[in-house]
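The values are calculated or read from the model by the stated rules, or taken from the named source; none is laboratory data. Because the structure is predicted, anything quoted here is derived from the model rather than measured. Cβ coordinates were reconstructed from backbone atoms using ideal geometry, including for glycine residues, and neighbour counts include every protein chain displayed.
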Amino acid sequence: MEELGIQILKSLVSGLLMGLVFALVALGLTVIFGVMDIVNFAHGEFLMVGMYTTLLISPLLGVDPVLTLPLAGLVGAVLGVLCYFGLIRFLLRGPMIAQLFGTFGLMIFLRNLALLFMGSEPRIVHQGWLVGKSIVIGPGVVLESTKLAVAVLSLLSFAVVWWLINRTKVGKALTATSLDAEGARYMGISTELMNALAWAVGGASVGVAGGLLVNFWPVDPGVGLLFTMIAFATVALGGFGSVRGALVAGILIGLIVNLPPVWDAILRSIDAVGLRGLDIHSFKYTMVYAIYFLIMVLRPQGLFGWKQ
Amino acid sequence: MRKIALVAAIAMLAAMLVPAMAWAGPKEIKIGVIYPLTGPAAAAGRELRAGAELAADIANQVMPGINMDMAKNGGVKSLGGAKLTLIFKDHQGNPQLGADLAKKLILDDKVVGILGCYYSSVTKTVSAVCERYGVPMINGSSTSPTLTKRGFKWFWRTTPHDKWFTKDLFEFLVGLTKGKAKGVKAVPREEINTLAAACEKTEWGSNVAIEIKNFAKEYGFNLAANILYAAKSPDLSSEVQSLIAAKPGAMLFASYTSDALLMIKTLKSMKAKPKILWGQDAGFDKPEFVSLGDDIVGVLTRSVFLPSVVKMKPLSGQVNDLYVKKMGHDLDGASARAFTGLQTWVYVLEKAGSTEPKAIQAACNTISIPGNQLVVPWVGIKFSTKGDEIGQNVLGGGLIGQYQKQKDGKIGLEVVYPFDIATAPLVYPFQGY
């Protein structure tokens, strides 16, 4: 029983950390959707660009990967703005399907560009303040330093974005744009600028996330999809456009994918020989999507969604 | 009269030309090669491609420095010195795409046969296409045991498969408890009796998991955790938690490249301390894996080819030198087996003396390539034609290598099993994180 208690604690810690990682990746996606009703399929590729930025810039400048984060954020923001003015602005004139395929095309373009310049092999950061470090806080309860840093950054980012949207004039303009772009334009709000800002904020947040993640995760041109599949589920679960929803849903998903070790500990503690072979690890993402499916059926706007 | 003379002259000319043309045979022999050239296993794909290309280069030219029959002929001798042309296709790790590519190669490119596909899941679909069209396929590097259990008539596999490799692992563990490992005293059985395994869940990994389970039972080990996970997963911490909680003496893995890197990083961050850490080749035998540096010192991987094999086999050294010239690094398990796969194609064509599928089929079923022709440390190549495994090479063998720090400070693989050909003392226990 004691083992079970410790395992629950471990899974909670691990789930919280991973959940905050998922939430941070989903943040940019939900901001862009919230303002513009556009699902950015290329979101994961922004993450990949952030990862490569840190991977390449850190040895070039001879500084720790963590110190290159502002640069990764900047690259993400610039990429977001470029994508907005170079592609999205035109897509907005077309039907919904054009927007979907447009960002899908952007995803394939960015991925293949990375393939061309970086090759397909996974690459890792070898040295840094966060690389390979972890903090033991109890018997077997470990905080992995990269995930801890991402979690802290995640909370900070959510606080900043929440503050930006709810407590500033710019945020009011963003909200106005998302509620009724035409009305906002009549009120003298430059919706064009607001859209670009949403892409900049979305790109910056995921760029920084990438810069931090590469301290732990190997990066290759296809890495974006690993995280965006979860990010889409996170955003849909939390409610498209809801910042708070992305945070809660991210944590929820983090906790769900950390359930299997608890299950294993339960089996060990009750010595259920018959159930030994029942490995639920391979179903952990099935559980995530099952819950996603349930919520979609029962509450299509998501947990905290306000857009219909 | 003049007309008759003209017709007779043409007829004579034709009669002289026809046998001459028949004797000349095909100028080129097209082999379709399907590998993962992009996607998650592209790094392996690059090695596979280079291995096959090198074998074709050696077969197509006369290379006096290589002690191999195919290096002396400058093409396939029995086919009038016809040269091999390889047509590469990229399956991206996608079984359906692989099957489509195989169809294209057979119907559009009119290839004589197919080599590939590394991923067992792709080899499965591609071999099914070959079977349907009656086109021979030789597989050099897919190790799912089920592939040769389907009774296919057009499929031959040169590499030993995971059942053999996994058996090697258990023989190694038992040998360790009996003090057979070089430089290590007999290890108490209870120290390594508990095992925990995590395998990726496609065709290959899930079959490794089954083999591990079966052999653990047969050899009397306690398999406390046997986890399947998605190789394309953003997080492996829950899997690692369960592995550590099982308190195993040995942790066993079947991973592709990215997930192998993430697995080691997660094991390290969660401070895993198994006595033995073993990987079933693939991701554990890639240049990217070696870039993990000190973190992998002591890690074991099964392989069919390790750079230290050149110490035992001069021929491997000769081919390895050419490979280093081409790629800048040593042959590995993937490239050595791709080389051997294509080499087998050359010997089969030489024996068949024809590009007709039936003749190739007969040649495959009766061929016997001695070990002294091969770069891999096998007894030879001879395919089984009866029993529950059809088309499997019965003369193959596996190795277990260990990453060790070498004199120059670099991390390299040393052979630690079979015990009698170990190239360095075993580092035991694994340092832990």
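Miscellaneous remarks
- Among (1) of a type in the set (A, V, I, L, M, F, W, C); (2) in a helix (DSSP H, G or I); (3) out of contact with any Asp or Glu (no Cβ under 9 Å at 6 or more places or on another chain) - the single one A:Val142 does not satisfy: (2)
- Scanning the stretch B:240-257 for residues that are among the small types (Gly, Ala, Ser), within 26 Å of B:Ser144 (Cβ to Cβ) and at the interface with chain A (Cβ under 10 Å from one of its Cβ atoms) yields B:Ser242, B:Ala246.
- Hits in the stretch B:39-97 - residues which are small (Gly, Ala, Ser), assigned to a helix (DSSP H, G or I) and touching a residue at least 12 places away in the same chain (Cβ under 8 Å): B:Ala43, B:Ala44, B:Gly45, B:Ala50, B:Gly51, B:Ala52, B:Ala55, B:Ala56, B:Ala59, B:Ala71, B:Ser78
- Summed over the stretch A:179-201, the residues that are under 21 Å from the mean Cα position of the chain (by Cα), at pLDDT below 90 and of a type outside the set (A, V, I, L, M) give a count of 1.
- Residues satisfying the stated conditions in the stretch A:37-48, i.e. buried (at least 24 other Cβ atoms within 10 Å of the Cβ) and over 13 Å from the mean Cα position of the chain (by Cα): none
- Of all residues assigned to the stretch A:192-200, at least one qualifies as being more than 14 Å from chain B (Cβ to nearest Cβ) and surrounded by fewer than 16 Cβ atoms within 10 Å (Cβ to Cβ).
- Test: residue in the stretch A:84-107 that is within 14 Å of chain B (Cβ to nearest Cβ) and either under 19 Å from A:Thr228 (Cβ atoms) or modelled with pLDDT under 90 (or both): no
- Members of the stretch B:221-234 found to be of a type in the set (S, T, N, Q) and either under 28 Å from the mean Cα position of the chain (by Cα) or facing chain A (nearest Cβ under 7 Å) (or both), listed by number: B:Asn226, B:Ser233
- Residues located in the stretch A:99-143, provided they are over 28 Å from B:Ala41 (Cβ atoms), exposed (fewer than 14 other Cβ atoms within 10 Å of the Cβ) and among the aliphatic types (A, V, I, L, M): A:Ile135, A:Val136, A:Ile137
- Any hit, the stretch B:113-124, residues being under 21 Å from the mean Cα position of the chain (by Cα) and without any contact (Cβ under 8 Å) to a residue 60 or more places away in the chain: yes
- Among (1) farther than 21 Å from A:Phe46 by Cβ; (2) in contact (Cβ under 8 Å) with a residue 12 or more places away in the chain - the single one A:Lys169 does not satisfy: (2)
- Residues in the stretch B:258-287 that are among the charged types (D, E, K, R) and either in contact with a Lys or Arg (Cβ under 9 Å, 6 or more places away or on another chain) or within 10 Å of chain A (Cβ to nearest Cβ) (or both): B:Asp259, B:Lys265, B:Lys268, B:Lys271, B:Asp281, B:Asp285, B:Lys286.
- Filtered residue count, the stretch B:178-190, keeping only those that are surrounded by 17 or more Cβ atoms within 10 Å (Cβ to Cβ) and either of a type outside the set (Lys, Arg) or out of contact with any helix residue (DSSP H, G or I) (no Cβ under 6 Å at 6 or more places or on another chain) (or both): 2
- Note on the stretch A:1-32: among residues that are under 10 Å from the mean Cα position of the chain (by Cα) and away from every other protein chain (no Cβ under 11 Å), the one that is surrounded by the fewest Cβ atoms within 10 Å (Cβ to Cβ) is A:Leu20.
- Long-range neighbours under 6 Å by Cβ, at least six apart or interchain, first residue closer than 30 Å to B:Gln361 by Cβ within the stretch B:389-410, second in a loop (DSSP other than H, G, I, E, B) and small (Gly, Ala, Ser): B:Ile390/B:Gly151; B:Gln392/B:Ser384; B:Val394/B:Ser384
- Residue count, the stretch B:363-389 (criterion: over 15 Å from B:Val319 (Cβ atoms), part of a loop (DSSP other than H, G, I, E, B) and not β-branched (Val, Ile, Thr)): 7
- Residue that is surrounded by the most Cβ atoms within 10 Å (Cβ to Cβ), among those in the stretch B:255-293 that are under 26 Å from A:Leu255 (Cα atoms) and of a type in the set (A, V, I, L, M): B:Ala260
- Per-region count, the stretch A:210-238, residues more than 12 Å from chain B (Cβ to nearest Cβ), of a type in the set (Gly, Ala, Ser) and touching a helix residue (DSSP H, G or I) at 6+ places or on another chain (Cβ under 6 Å): 3
- Within the stretch B:235-253, the set of residues being part of a loop (DSSP other than H, G, I, E, B) and over 28 Å from the mean Cα position of the chain (by Cα) comprises B:Asp235, B:Ala246, B:Lys247, B:Pro248, B:Gly249.
- Any hit, the stretch A:49-62, residues being modelled with pLDDT of 90 or more, of a type in the set (Phe, Trp, Tyr) and surrounded by 15 or more Cβ atoms within 10 Å (Cβ to Cβ): yes
- Only residues that are in contact (Cβ under 8 Å) with a residue 40 or more places away in the chain and under 22 Å from B:Leu169 (Cα atoms) were counted in the stretch B:245-271, giving 15.
- Unmet requirement for B:Val415, which otherwise passes all of (1) closer than 22 Å to B:Ile58 by Cβ; (2) touching a residue at least 60 places away in the same chain (Cβ under 8 Å): (1)
- Selection within the stretch B:195-206 - surrounded by fewer than 21 Cβ atoms within 10 Å (Cβ to Cβ) and at pLDDT 95 or above: none
- For the stretch A:239-272, the set of residues classified as away from chain B (no Cβ under 11 Å), free of Cβ contacts under 8 Å to residues at least 40 places away in the same chain and either in contact with a strand residue (DSSP E or B) (Cβ under 7 Å, 6 or more places away or on another chain) or among the hydrophobic types (A, V, I, L, M, F, W, C) (or both) consists of A:Ile270, A:Ala272, listed by residue number.
- Among the candidates A:Leu87, A:Leu79, A:Leu60, residue that is under 15 Å from A:His43 (Cβ atoms) and either of a type in the set (Gly, Ala, Ser) or free of Cβ contacts under 8 Å to residues at least 40 places away in the same chain (or both): A:Leu87
- From the list B:Ser316, B:Ser237, the one residue that fits, being touching a helix residue (DSSP H, G or I) at 6+ places or on another chain (Cβ under 9 Å) and within 14 Å of chain A (Cβ to nearest Cβ), is B:Ser237.
- Residues of the stretch B:161-171 that are surrounded by fewer than 22 Cβ atoms within 10 Å (Cβ to Cβ) and over 15 Å from the mean Cα position of the chain (by Cα): B:Lys167, B:Asp168, B:Phe170, B:Glu171.
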